[in-house]
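Below is one structure, written out as structure tokens; comments come after it.
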Amino acid sequence: MASVTLDHLTKTYPNGFISVNDVSLHIEDGEFVIFHGPSGCGKSTILRMIGGLEDITSGEIYLGKELLNDILPRDRRLAMAFQNYTLYRHFNAYDNMALGLRLRDLPRTVIDSRVRTAAKFFGITNVLDKKIKSLSEADKQRVALGRAIVCHPKVLLVDEDFARQNDERRMEMLGDILEINEELGITVLYVTNNEQEALGLNKKIVFMKDGKITDIR
Ligand code: ADP
Ligand code: MG
């Protein structure tokens, strides 16, 4: 099960600042949930704690019934799409997508099939052998999303700065992410401080302010 449960989740920084303040929330398996609120309200901190990039001060995070708190980031069945796609510019798209699978020592045939399936899904089969540095921003982003899904994550975390480009590209990327959710059944947590975007997606919105949830609609 890929539900996500936050139970009295709190993050206090060493300087005493409380960035996430006693947040409890249950996200169902397969849901697409938007975290929306003004800059600085704690959205990214929540995503980083779920992804394991940030220590949890108190509270619990569960993936299904599994307590994530003490599980290493690489062992969490999650994928993250954050600001830096950290693609290797001098490698081709195929190798960038295959990297995480190779690190897991999966058989070559399995890796090949997963990379090609993901490439087909995003319509980037024709650029698989091209170097990242020669790709359009749109295709780079698709390679990054492809790399995220080849590991068959249960949950995809997307922070808003993943698509800090023009509006058109942002809409395309949102389309890709909606497809990941709807066709692959992957639970998606999407962060945005853009109100139009949050409301326009027609999905559950978690409204946040000053580290707390103020409303869920
Ligand atoms: P959002 O993603 O909603 O814009 P963040 O989760 O990035 O907000 O940050 C929440 C708050 O935590 C911000 O006010 C930010 O300044 C603060 N913050 C982030 N990192 C630290 C840190 N290392 N020490 C103290 N405060 C921090
Ligand atoms: Mg943020």
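The values are calculated or read from the model by the stated rules, or taken from the named source; none is laboratory data. All figures in this text were calculated on a predicted structure; none of them were measured in a lab. A quick note on method: Cβ atoms are made from the backbone with ideal geometry, for glycine too, and the neighbour counts reach across all protein chains shown. The area values use the complete protein model at the heavy-atom level, side chains included, leaving out ligands, DNA and RNA. Shrake-Rupley method; radii C 1.70, N 1.55, O 1.52, S 1.80 Å.
Can you tell me which residue among Ser44, Ser19, Ser3 is more than 16 Å from ligand 1 (Cβ to nearest atom), open to solvent by less than 70 Å² (accessible area, probe 1.4 Å) and in contact with a strand residue (DSSP E or B) (Cβ under 9 Å, 6 or more places away or on another chain)?
Every option except Ser3 fails the conditions.
Residue pairs, Cβ under 7 Å, 6 or more apart or interchain, first in the range 32-48 and under 15 Å from Phe17 (Cβ atoms) and among the hydrophobic types (A, V, I, L, M, F, W, C), second open to solvent by 10 Å² or more (accessible area, probe 1.4 Å) and more than 9 Å from ligand 2 (Cβ to nearest atom). List them.
Cys41/Lys209; Cys41/Asp210
Can you find even one residue in the range 61-73 that is in contact (Cβ under 8 Å) with a residue 24 or more places away in the chain, open to solvent by less than 40 Å² (accessible area, probe 1.4 Å) and either more than 27 Å from Asn202 (Cβ to Cβ) or among the acidic types (Asp, Glu) (or both)?
no
Among the residues of the range 155-173 satisfying the criterion of being of a type outside the set (A, V, I, L, M) and buried (at least 20 other Cβ atoms within 10 Å of the Cβ), which is modelled with the lowest pLDDT? Step through it out loud before you land on a result.
Here is the first cut: in the range 155-173, the ones of a type outside the set (A, V, I, L, M) are 159-162, 164-170, 172.
Still in the list and also buried (at least 20 other Cβ atoms within 10 Å of the Cβ): 159-160, 162.
Numbers: Asp159: 91, Glu160: 86, Phe162: 77.
Out of the qualifying residues, it is Phe162.
Any residue at all in the range 202-215 that's at pLDDT below 95, surrounded by 13 or more Cβ atoms within 10 Å (Cβ to Cβ) and basic (Lys, Arg)?
No, the range 202-215 has no match at all.
Taking into account only those residues within the range 190-201 that are farther than 20 Å from Thr86 by Cα and surrounded by 18 or more Cβ atoms within 10 Å (Cβ to Cβ), which is nearest to the chain's Cα centre (by Cα)?
Thr192
Among the residues of the range 104-117, are any under 27 Å from Leu47 (Cβ atoms) and either charged (D, E, K, R) or within 16 Å of ligand 1 (Cβ to nearest atom) (or both)?
Looking through the range 104-117, at least one residue is under 27 Å from Leu47 (Cβ atoms) and either charged (D, E, K, R) or within 16 Å of ligand 1 (Cβ to nearest atom) (or both).
So, in the range 16-51, of the ones that are over 17 Å from Thr187 (Cα atoms) and in contact with a Leu (Cβ under 7 Å, 6 or more places away or on another chain), which residue ends up farthest from ligand 2 (Cβ to nearest atom)?
This residue is Ser24.
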